[in-house]
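Structure record follows, encoded as structure tokens.
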Amino acid sequence: MILLYLETVLLLGIVIVLIAYPLLQTRRSAVAANTGETEELLLRRDRLYSELRELEFDYRVGKVPPEDYQELRRQLENDAARVLQAIDVEVKEIDDEIEREVRHLREMSTTCPSCGATLTANARFCAACGAALKVAARR
Ligand SMILES: [Zn+2]
């Protein structure tokens, strides 16, 4: 009888993992996609910085005339400013995603304030002690 009970629990565990796994995967890939974009932006920023250094050098050794230098420098600085702005946006998106993730995990693992039992998401009453729960406060 106990063995049957254990098997049921084990099976239930497997089913939960199978259902939850794809959900976790999609959440994780959202962060991964963001970090990929950020990496791309960081590479672009580094390229622009080295182009600026090169331009500076070429100007100093007289390979670039002053009027071209001014124009090229302005363009590169504008590009760099745009990339830096995009990086800020990306970093903020990643921060938000992580914050959502943490909030989500916190909601998933709420415990009963009176008995400490682990509660299911959006539970109105504790299954262990029957205490009424403030659902709105946990959102
Ligand atoms: Zn309780």
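Just so you know, all these numbers are worked out from the coordinates, no wet-lab data involved. Just so you know, these numbers come straight off a predicted model, no measurement behind them. Virtual Cβ from ideal backbone geometry, glycine too; neighbours counted across all protein chains shown.
Measure off 7 Å from each Cα along the Cα-to-Cβ vector at Ala121 and Ile98, then give the distance between these two points in nanometres to one decimal.
My value for the distance between the label points is 2.2 nm.
What does the charge count around Glu37 come to, taking other residues whose C-beta lies under 13 Å from its C-beta (Lys +1, Arg +1, Asp -1, Glu -1)? Intermediate values should be presented prior to the final figure.
Working: positive: Arg44, Arg45, Lys92; negative: Glu39, Glu40, Asp88, Glu90, Glu93, Glu97.
In short, -3.
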